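Here is the structure we will look at.
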Amino acid sequence: MAVIGYARVSTGDQNTEAQAAALRAAGCSRLFTDQASGSKADRPQLTAALDHLNAGDTLVVWRLDRLGRSLPHLVEVVRSLGDRHVEFRSLTEAIDTTTPAGRLLFHVAAAFAEFERDLIQERTRAGLAAAREAGRVGGRPTVMTPDKLAAARALIAADKTHAEAASAVGVSLSSLRRALRGHEGEQSSAGATVEQ
């Protein structure tokens, strides 16, 4: 039943001495240390620490933000530890999954993470619905302007490919193709009206 510590600093001019001292005082027999942004998924020493842990061990961090990239990521990591019968402690927040109070705090954090995910999904669905009602199909608004379309048409007439024309006027190839199709549709509609 080993107690393993994990420490992380974001930049090279920071050091882990304070974290390491706190982790050793908490009984950690081995420390793993990364120098990486918390937002990075690739943290080799975190991977090594997680691989090193066995059932009955405890992973200790100085503060929650040293471990997780986000609250949902933190919850995912701690849940995966629990599935392996590995306990978790965060010294600053006094979360200790070996105690009933620590498990409660962790479950509250997990509930907030789930709530956060649900809110994001709800906002995304509402935004897409509003965009559909406004006649947009989602995604970024088009950057195609009449001037850009005219310039792209001139380039295509001068034997440039659609991709080259789109790049030259600063729009995506799909935006250019949509604009060209839309313009062709307008012309054919206008022609049909004249012929009737």
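Read-outs: derived from the displayed coordinates by stated rules, not from any lab. These numbers were taken from a predicted model, which means no experiment stands behind them. Positions of Cβ are backbone-derived with ideal geometry, glycine not excepted, and every protein chain shown enters the neighbour counts.
Numbers for the structure displayed
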quantity: Theoretical gain in end-to-end length, Ser174 to Asp147 [0.36 nm per residue, Cα-Cα removed]; calculated: 8.0 nm
quantity: Label point distance in nm, Arg24-Arg181, each placed 7 Å from Cα along Cα→Cβ; calculated: 6.6
quantity: Percent RCO, i.e. relative contact order, over the range 3-115, from Cα pairs under 8 Å lying at least 6 residues apart; calculated: 24
quantity: Identified option (computed log10 I(q)/I(0) by the Debye sum over Cα atoms at q = 0.08 Å⁻¹; candidates (i) -0.23; (ii) -0.46; (iii) -0.52); calculated: (iii)
quantity: For the chain, calculated [θ]222 nm from helices alone, where every DSSP H run of n ≥ 4 adds -39500 (n - 2.57); calculated: -18000 deg cm²/dmol
quantity: Length added when fully stretched, Glu133-Asp42, from 0.36 nm per residue minus Cα-Cα; calculated: 28.7 nm
quantity: Taking the chain and dividing mean pair separation by its residue count, relative contact order in percent (alpha carbons under 8 Å, at least six apart); calculated: 14
quantity: Among Ala25, Ala150, Ala131: highest mean-square fluctuation, GNM of the chain, C-alpha pairs under 10 Å; calculated: Ala150
quantity: Computed label-point distance, nm, for sites Asp159 and Glu116 using a 7 Å Cα→Cβ extension; calculated: 5.7
quantity: Bridge type composition, the chain - antiparallel percent by DSSP, nearest 5; calculated: 10
quantity: For the range 3-115, convex hull of alpha carbons as volume per residue, Å³; calculated: 93
quantity: Inter-site label distance for Thr92 and Met1 at 7 Å from Cα along Cβ, in nm; calculated: 2.8
